[in-house]
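Just so you know, all these numbers are worked out from the coordinates, no wet-lab data involved. As the structure is a computational prediction, the values presented were derived from the model and not from experiment. Positions of Cβ are generated from backbone atoms using ideal geometry, with glycine treated the same way; all protein chains shown enter the neighbour counts.
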Amino acid sequence: MFWGNQGRVPDTRCDHIRLAPFFYFTVFLNEFRMPEEKLSTTTLLSILNSIAPFAMAEPWDNVGLMVGNPDQQVTGILIALDPTEALLHEALSQNLNTILTHHPLIFHPLKNIPGNTPIGRLLKTALSHDLALIACHTNLDLAPFGVSNALAEKLGLRDTRPLNGPETAGSGQTTGFGKIGHLPAPLPAGQFLNLLLTALAASGLQLAGALPEIIHTVALCGGSGSDLAETAWNMGAQVYITGEVKHSVARWAEAAGFCVIDAGHYPTENLIVPTLAEILKKSCAARGFTPIITIAKQDNPLQWLVLDDNNPAPINGIRGRYKIEM
């Protein structure tokens, strides 16, 4: 390699002297470069607010930071549907100090906090280990990508609009509780029920009213959406799916001949967890943050106990031909 004039042998000693200032200046910059900004709980709350504004939550709801130091740096985020003791221990085992759930840890005002109660143990564990617990509840229900939208996408519904919200008043917005839309093609009832069970990874369904032979228009609301059943009927739905159906609503559906399906609170809402994790990752990255974001290992707290003619032996002390389905 030639350094200047053709054929000249370089003077390595002189070249070293000429390069030395550049070398030491580079070392200086690397040594004293400003550290990268860390994600704080406050900044995370700001990002979540841009995704699903806390101000959208219902007045009776409790969202945002439940427990924790707003100035604390986030070591990692564990996302789940419900705040449980097992969830806190899962976060601690992975060195994640921030927990994001759909359901809030503190829903009703607390008059006292006995340490031997479930809420008391949860708060004690969270506070003693500097955990931050954040909830996105009805603000996440009302977000355009929210709980009901996740269920609608899983079923492949098209041309969806909210059951209850600004869109129903003709504003053109897409926020509101529940969704109504159309399947890509009409399905026989049996195929539709199989589609629903597969989408929810559910063990069973409860139905009230008359199930149509062919289903095309579907309304739904993840979680406790019993009060929207009549709205779904008035908007032309053939079936309405939700997570909890009140007894009085089931009787109304029976009398109206309208099919209402109780698919379970956990199955109809848990679909939002991976969706929220993905959107949060992208939103953090857009601000220059790459926190660890993990989906928790949670199961439906309710089990199905069903008649099983092939198993007459008692299970869990229950005598009779039953089996427990997870």
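Return the long-range amide H neighbours of Gln72 (sequence gap of 5 or more, or a different chain), with a cut-off of under 5 Å between placed amide H atoms.
For Gln72, whose amide H was placed from the backbone, the distant partners under 5 Å are Thr41, Thr42.
State the extension gain, in nm to one decimal, for the chain segment bounded by Asp61 and Ser46, taking 0.36 nm per residue of separation less the distance between their alpha-carbons. Show your work: numbers first, answer last.
On the way: separation 15, 0.36 × 15 = 5.40 nm, distance 1.88 nm.
That works out to 3.5 nm of additional length.
For a label point 7 Å from the Cα of Arg158 along Cα→C-beta, name the residues of region 174-189 whose backbone N is under 11 Å from it.
Answer for region 174-189: 182-186.
Tally Lys/Arg at +1 and Asp/Glu at -1 over every other residue whose Cβ is under 15 Å from the Cβ of Leu45; what's the total?
Details: positive: Lys38, Arg287; negative: Asp71.
Once positives and negatives cancel, what remains is +1.
Can you sort His182, His102, His108 from fewest to most other Cβ atoms within 10 Å of each residue's own Cβ? Could you put the intermediate results ahead of the total?
Working: His182 15, His102 25, His108 8.
Going from least to most buried by this count: His108, His182, His102.
Over the C-alpha atoms of region 139-266, what are the Rg and the largest Cα-to-Cα span, Dmax, in Å?
So, for region 139-266, Rg and Dmax equal 13.2, 39 Å respectively.
What nm distance separates the two modelled labels at Ala256 and Phe107, each placed 7 Å from Cα along Cα→Cβ?
A separation of 2.4 nm, rounded to one decimal place.
Just to verify a number: FRET efficiency for Asp130 and Leu211, C-beta to C-beta distance, R0 = 45 Å, to 0.05? Show your work: numbers first, answer last.
Working: r = 51 Å, r/R0 = 1.14.
Efficiency, rounded to the nearest 0.05: 0.30.
My understanding is that a pair violates if its Cα-Cα distance is over 26 Å; which of Lys111/Lys281; Lys124/Lys281; Lys154/Lys281; Lys179/Lys297 do that in this structure? Present the calculation step by step, with values, prior to reporting the outcome.
Values: Lys111/Lys281 37 Å; Lys124/Lys281 29 Å; Lys154/Lys281 21 Å; Lys179/Lys297 28 Å.
Too far apart for the 26 Å limit: Lys111/Lys281; Lys124/Lys281; Lys179/Lys297.
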